[in-house]
Amino acid sequence: MGIFLILTIPGCFLIESEEQEPIIPNQEPTFVAVIVPVATAENKQSTLQAPSPIPISTSVPIPTGTPVTIREIFKSEVEDKTLQKKTFEAVSKINSFKYILEGIARVDAGGIQVGVPLSASGAVTSSVSLSKFEANLLGIGLYVESAKTGDDIYTRESSLEEWKDSRKLGIGHISDDFLKAVGDSFLKSHLSGSDILTTQEKTIFLFNDDGPVGSVTPLFELIATEEEARRFSPEKWKVNLEVDSDNYEISKIISEFSLSNGGQFLSEVFGMEGLSGVGNTDVELVIKFSQIGEDFSIVIPQPAH
């Protein structure tokens, strides 16, 4: 129960008197003490009201966390495998095309880099193929031409003017199963998503000596015979296969090789005896394909008898 205490100071009244001075009333304020009731422990509960709880709508779903993108990763892997499979199926059926090869062999001759330009061109069908490979060292041009029809092989080298029968094809020659051999060596391997670059017009498969493929024989045989390719196996290599997105056909191949016994390779394969003692040799090749799958004829030269 609250107690109110009021203190009052009585005021002074003015009384007229002829004998006394007029009394001036005291102007000091009157103090009033008011004691406000304070809630006791017994009634505090009833005096202070707790705030009402904010209702939570049960219709709003509570998120369980960010969805994991396992499904998207799996889908990407499936697409990559499908792309490899479709590319392999496409190149396995191709047995006619024309090609141009451009490259360079960089030779370390006692700390001096010597460049040997390389070039080749050819045409291939299921029954006939023709090629010409050229190398140039310090202005000295060397070339070898090859022709194949059925089981018959003819070659002509820069030192000879006439075609002759031969047991093996010259370097730079591509046969009708070349693209299938490239597909067998590369497109059947497992690739991660980072090894496949895609755009609207093309797809690029990336391979290197740290990857799953351990043999680049089909490409290395472009500058060496099968026997020589086994003897001078590249220590380091990198290959890019560029594929058209609309038909899954390989339109370009870019390859790089590194040979520790490059001098011996150039001496025996290219006939450049003066380079037999040089050190490492790096080779870069770019092959561009055209008229893929088209029907065209090839004129085979007649050897002299």
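Residue count for the stretch 128-138 satisfying the condition of being within 15 Å of T225 (Cα to Cα) and buried (at least 22 other Cβ atoms within 10 Å of the Cβ): 2. Selection of the stretch 117-160 for residues being part of a loop (DSSP other than H, G, I, E, B) and touching a Leu at 6+ places or on another chain (Cβ under 8 Å) yields only S158.
Being surrounded by 15 or more Cβ atoms within 10 Å (Cβ to Cβ) and on the phi < 0 side of the Ramachandran plot is a description that applies to Q84. Close contacts from the stretch 244-268, counting a first residue that is among the aliphatic types (A, V, I, L, M) and a second that is surrounded by fewer than 19 Cβ atoms within 10 Å (Cβ to Cβ), with Cβ to Cβ under 6 Å and a gap of 6+ residues or different chains, come to I254/N240; I254/V286.
Let's see how each residue does on (1) aromatic (F, W, Y); (2) under 21 Å from S290 (Cα atoms); (3) crowded, with 21+ Cβ neighbours inside 10 Å; (4) without any contact (Cβ under 8 Å) to a residue 24 or more places away in the chain:
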| position | (1), (2), (3), (4) |
| --- | --- |
| I140 | no, no, no, yes |
| V144 | no, no, yes, no |
| D152 | no, no, no, yes |
| E157 | no, no, no, yes |
| K164 | no, no, no, no |
| R167 | no, no, no, yes |
| S175 | no, yes, no, no |
| L191 | no, no, no, no |
| S194 | no, no, no, yes |
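So, I100, is that one at pLDDT 95 or above and surrounded by fewer than 17 Cβ atoms within 10 Å (Cβ to Cβ) or not? The answer is yes for I100.
Looking at the structure I just gave you, is V182 closer than 28 Å to S260 by Cβ, in a helix (DSSP H, G or I) and not small (G, A, S)? When the stated conditions are applied, V182 passes them. Residues satisfying the criterion are absent from the stretch 274-292 (criterion: out of contact with any Pro (no Cβ under 9 Å at 6 or more places or on another chain), acidic (D, E) and not in a strand (DSSP E or B)).
Residues being touching a residue at least 12 places away in the same chain (Cβ under 8 Å) and either surrounded by fewer than 16 Cβ atoms within 10 Å (Cβ to Cβ) or in contact with an Asp or Glu (Cβ under 6 Å, 6 or more places away or on another chain) (or both): count how many of those fall in the stretch 196-208.
Restricting attention to the stretch 196-208, the residues satisfying the condition of being touching a residue at least 12 places away in the same chain (Cβ under 8 Å) are 196, 198-208.
From what is left, the residues that are either surrounded by fewer than 16 Cβ atoms within 10 Å (Cβ to Cβ) or in contact with an Asp or Glu (Cβ under 6 Å, 6 or more places away or on another chain) (or both) are 196, 198-202, 204, 206, 208.
So the count comes out to 9.
In a residue-by-residue description of the stretch 196-216, the property of being over 30 Å from I112 (Cβ atoms), over 24 Å from the mean Cα position of the chain (by Cα) and part of a strand (DSSP E or B) applies to no position. Is it the case that the stretch 258-266 has a residue that's part of a strand (DSSP E or B) and modelled with pLDDT of 90 or more? No, the stretch 258-266 contains no residue that is part of a strand (DSSP E or B) and modelled with pLDDT of 90 or more.
The values are calculated or read from the model by the stated rules, or taken from the named source; none is laboratory data. In this text the structure is predicted, and so the values were computed from the model without any measurement. Virtual Cβ from ideal backbone geometry, glycine too; neighbours counted across all protein chains shown.
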